[in-house]
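The values are calculated or read from the model by the stated rules, or taken from the named source; none is laboratory data. This is a predicted model, so every value here is computed, not measured. Cβ atoms come from the backbone with ideal geometry, glycine included; neighbour counts cover every protein chain shown. All accessible areas refer to the heavy atoms of the entire protein, side chains included, with ligands and DNA or RNA removed. Shrake-Rupley method; radii C 1.70, N 1.55, O 1.52, S 1.80 Å.
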Amino acid sequence: MRSYKVCKHGAPLQLHEEQTPQPFGTEVLLEVTAAGICHSDIHFWEGEYDIGGGNVMRLVDRGLHLPITLGHENVGRVVAIGPDAKGVAIGDERLIYSWIGCGDCAVCEDGDQQLCLKPQFIGGFRPGGFADHIMVPHPRYLFDYGDIAREHAAPLICSGLTAYSALKKFGDRLKSEPIIVFGAGGVGLMALAILGAMQAYGAIVIEIDAKKRDAAMQAGAIATVDGNAPDVAAQIQALVKGRIWAVVDFVGSGATVKLGSDLLTKGGHLVVVGLFGGDVTIPTPYIPTRAMTIQGSYTGSLTEMEELISLLRDAPTPYMPIHLRPLDSVNQSMHDLKCGHVIGRVVLMPNEPVYTDT
Ligand SMILES: [Zn+2]
Ligand SMILES: [Zn+2]
């Protein structure tokens, strides 16, 4: 088995070759056929988040110890099945849910494994998909994704599920009101595709990169605004021509959360998803007097994964530029993503011939 591991935070991932493991109990072994690279992989690689004021949150303090095999957006083909694993057959190609919890606590029993305080996430706490094989602890984490192409299916585990779970928090208001979306990276573009499938009213996208604004328009945005424009708030207000009820922030910097909360009308709702980092000051009287809701959203549940797949199964393929690359390009690809050179998603194909990189 070949895998690329983070052995030192910020240093290039190292290639490891070892005996391919065999599944025990309910485990299932898969060959990785598609592994998306996500911005969170950059944070796990660097080992910290900016929490503002010159401070960082270190992942080692959260129980994440090196070496780790990154990669949490995976599709694989089943190659070996533990004696107690039911409902899956050799050769099945499946989407792998990554946000695994301890399985024992009240949160996990409620179906919210992604919020468990003892996380076992694939691609962090458990070895991920920057490898030619991956072990999954139970078939319940494997999803049949129908006719969706594997390179479009893989990002559904993180950017897709994250976008869907965040958008669901706005309820039916999405059908009657435009939503303001900060950021047209992988998650933002996925959100636009999902809004289309949800038959939502539509989105106005705030993005500082002109190429990403073009991608957002192609993905179905009503309009875009340059986030660096000095009159960005006025431009947004002019486009909405009314009150702003719903803002979703896929950037999550101090500046975007501040602007997002400033834009809300009374009773409005801001959902923060992005992990760019920073901090924000909000006058406390605004929270009650403007009856605002500020809510975080982190990945999504197994049930939401099922809902998302059934939502997209019959919808047109989401507009998402995909760059197929071999496993051995992982260091270059991480670098490209970190530098903002990737529009859409890089998907590694550890066991498939790679035909394109466009
Ligand atoms: Zn991710
Ligand atoms: Zn748990």
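So which residues in region 104-117 are in contact (Cβ under 8 Å) with a residue 24 or more places away in the chain and assigned to a loop (DSSP other than H, G, I, E, B), if there are any at all? Step through it out loud before you land on a result.
Step one: list which residues in region 104-117 are in contact (Cβ under 8 Å) with a residue 24 or more places away in the chain, which gives 111-115.
Passing the criteria: G111, D112.
Being open to solvent by less than 50 Å² (accessible area, probe 1.4 Å) and over 23 Å from the mean Cα position of the chain (by Cα) is the filter; apply it to region 227-248 and report the residue that is farthest from K175 (Cα to Cα).
A229
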- Here are some conditions: (1) open to solvent by 10 Å² or more (accessible area, probe 1.4 Å); (2) outside any loop (DSSP other than H, G, I, E, B); (3) more than 16 Å from ligand 2 (Cβ to nearest atom). A35 meets all but one. Which one does it not meet? (1)
- Message: Whether any residue in region 152-161 is away from ligand 1 (no atom under 16 Å from the Cβ) and not in a strand (DSSP E or B) is what I want to check.
- Response: no
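Taking region 56-112 only, how many residues are within 16 Å of ligand 2 (Cβ to nearest atom) and of a type outside the set (K, R)? If you could, list the steps in order and put the result at the bottom.
Going through region 56-112, the residues within 16 Å of ligand 2 (Cβ to nearest atom) turn out to be 62-63, 97-112.
Filter once more, so that each one left must be of a type outside the set (K, R): 63, 97-112.
Looking only at that region, the number is 17.
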- In region 79-97, residues that are closer than 17 Å to M305 by Cβ and open to solvent by 10 Å² or more (accessible area, probe 1.4 Å) total 5
- For region 141-181, enumerate the residues that are crowded, with 24+ Cβ neighbours inside 10 Å and either more than 30 Å from M349 (Cα to Cα) or in contact with a Pro (Cβ under 7 Å, 6 or more places away or on another chain) (or both). I179, I180, V181
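Matching residues to (1) closer than 22 Å to S159 by Cα; (2) open to solvent by 20 Å² or more (accessible area, probe 1.4 Å):
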{"position": "L66", "(1), (2)": "no, yes"}
{"position": "V75", "(1), (2)": "yes, no"}
{"position": "W99", "(1), (2)": "yes, no"}
{"position": "V107", "(1), (2)": "no, yes"}
{"position": "P119", "(1), (2)": "yes, yes"}
{"position": "G128", "(1), (2)": "yes, no"}
{"position": "M135", "(1), (2)": "yes, yes"}
- Residue check: is I51 closer than 25 Å to V251 by Cβ, under 20 Å from the mean Cα position of the chain (by Cα) and open to solvent by less than 10 Å² (accessible area, probe 1.4 Å)? no
